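Input: a single structure, listed below in structure tokens.
The values are calculated or read from the model by the stated rules, or taken from the named source; none is laboratory data. Every value quoted in this text rests on a predicted model; they were computed, and no experiment measured them. Because the Cβ atoms are built from the backbone with ideal geometry, glycine has one as well, and the counts that use them run over all protein chains shown.
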Amino acid sequence: MGRQETFYELIRRQGISRRNFLKFCSLSAASLGLAPHFAGKIAHAMETKPRVPVLWLHGLECTCCTESFIRSAHPLAKDVILSMVSLDYDDTIMAAAGHQAEQAVADIMRDYKGQYILAVEGNPPLGNDGTFCIPGGRPFVEKLKEVAADAAAVIAWGSCASWGCVQAAKPNPTTAVPIHKVITDKPIIKVPGCPPIAEVMTGVITFYVTFGELPALDRQGRPLMFYGQRVHDKCYRRGHFDAGQFSEKFDDFGARAGYCLYKVGCRGPTTYNACSTTRWNEGVSFPIGSGHGCLGCSEPDFWDNGPFYDRLETFPQFGAEASADRIGAAAAAIVGVGIAAHAGLTALRQAKVKPNKPVAADERVV
């Protein structure tokens with residue numbers, strides 16, 4: 001087994017300056033939401049640790065996770081694929097094919113036993129002995145189990161691998177299941193979304209390469225650094241929600257004025273993801289910013305939680321449930337009470353400043 005180059009050795013050989021390398025580490029720390037001093041730790045890891053081999057498998061999926069991943073800007077996908085890790089197998093973007101490609105999997109499993117990362121896009125169908133997905137001439141579920149056996153960690157890319165997504169939606173004719181139903185003895189990092197945000201995907205890899213361990217996960221196995229808050233919490237339309245200002249239709253005044261989209265089906269209040277902070281397209285926008293409500297694609301069974309354009313009657317994850325109508329009514333009532341209180345206080349002030357004076361006889365109303 002040959003020695004793997006470190007990330008730093010590789011980029012220096014490519015002519016990248018030390019200054020630009022440190023800039024890259026600072027940007028990586030910022031994209032992960034880490035304090036500035038972590039840039040030094042990232043730099044040290046990139047200088048000393050060999051690149052981690054990655055095997056990226058595809059089950060039942062539409063390849064949207066790969067499409068998202070290759071559009072990462074911070075860090076660039078090419079830096080992750082060609083420098084930070086050693087992506088030794090991904091049948092969507094690799095040059096090799098057929099037996100040559102499959103041999104790459106066997107070589108990595110043999111030479112880097114217990115050291116490589118298994119990244120899975122899509123899910124395994126269990127129906128009809130797994131024959132609904134046959135890569136390389138055998139059921140995907142068999143290949144998944146085999147490659148996972150000696151992996152150091154497993155990353156479930158997207159909602160297909162994490163929850164099942166559309167393939168597992170009712171009536172689920174192929175009996176598709178999320179990968180944690182098949183792989184039960186390995187740590188799994190779930191990175192859900194349809195697809196996940198590009199910088200979230202590269203950020204998870206950067207964290208593992210830097211610290212050699214999984215990031216802190218929530219109860220469902222998602223990285224807290226990206227899935228620790230609801231889309232609703234940092235949404236720029238949140239002020240309209242609090243004020244009881246909602247779009248009733250996609251073409252009404254509220255929609256044009258940028259009001260909250262909850263009444264037209266937005267799932268932001270019950271969806272945990274980084275869409276409203278990290279955003280898409282190099283941080284430019286996200287669905288709500290484009291006038292479309294959140295579909296909740298990073299949550300379990302989101303495909304069956306429709307219809308997408310019908311509002312939720314309550315917010316099950318709020319401490320106190322309240323419908324949009326009640327919030328709007330409460331906002332109006334608060335405003336009304338405030339106006340009445342203001343009027344009362346004004347009258348009292350005027351009474352104190354201008355006490356009643358005797359009324360002259362010629363001023364009396366007869």
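Before moving on, here are some points about what is shown:
- From A95, A152, A156, residue being surrounded by fewer than 13 Cβ atoms within 10 Å (Cβ to Cβ) and either among the polar types (S, T, N, Q) or closer than 30 Å to G212 by Cβ (or both): A95
- From the options R219, R230, residue that is closer than 30 Å to A45 by Cα, among the basic types (K, R) and either surrounded by 15 or more Cβ atoms within 10 Å (Cβ to Cβ) or modelled with pLDDT under 95 (or both): R219
- Any hit, segment 136-156, residues being farther than 25 Å from I93 by Cβ, touching a residue at least 40 places away in the same chain (Cβ under 8 Å) and not acidic (D, E): no
- Scope segment 127-164; condition in a loop (DSSP other than H, G, I, E, B) and within 25 Å of R219 (Cβ to Cβ); matching residues: A151, A152, W163, G164
- Check on R279, more than 30 Å from F207 (Cα to Cα) and at pLDDT below 95: no
- Of all residues in segment 180-190, none satisfies being touching a Pro at 6+ places or on another chain (Cβ under 9 Å), in contact (Cβ under 8 Å) with a residue 60 or more places away in the chain and surrounded by 18 or more Cβ atoms within 10 Å (Cβ to Cβ).
- For segment 237-285, the tally of residues that are in a loop (DSSP other than H, G, I, E, B), under 20 Å from G306 (Cβ atoms) and touching a helix residue (DSSP H, G or I) at 6+ places or on another chain (Cβ under 8 Å) stands at 10.
- Selection of first residues in segment 47-67 that are in the same structural domain as A168 (by TED's automatic domain parsing) and part of a loop (DSSP other than H, G, I, E, B) and of second residues that are surrounded by 21 or more Cβ atoms within 10 Å (Cβ to Cβ) and of a type in the set (D, E, K, R), restricted to Cβ pairs under 7 Å at least 6 apart or on distinct chains, gives the following pairs, ordered by first then second residue: E61/E121.
- Per-region count, segment 274-288, residues buried (at least 17 other Cβ atoms within 10 Å of the Cβ), among the small types (G, A, S) and either more than 16 Å from V191 (Cα to Cα) or touching a Lys or Arg at 6+ places or on another chain (Cβ under 7 Å) (or both): 1
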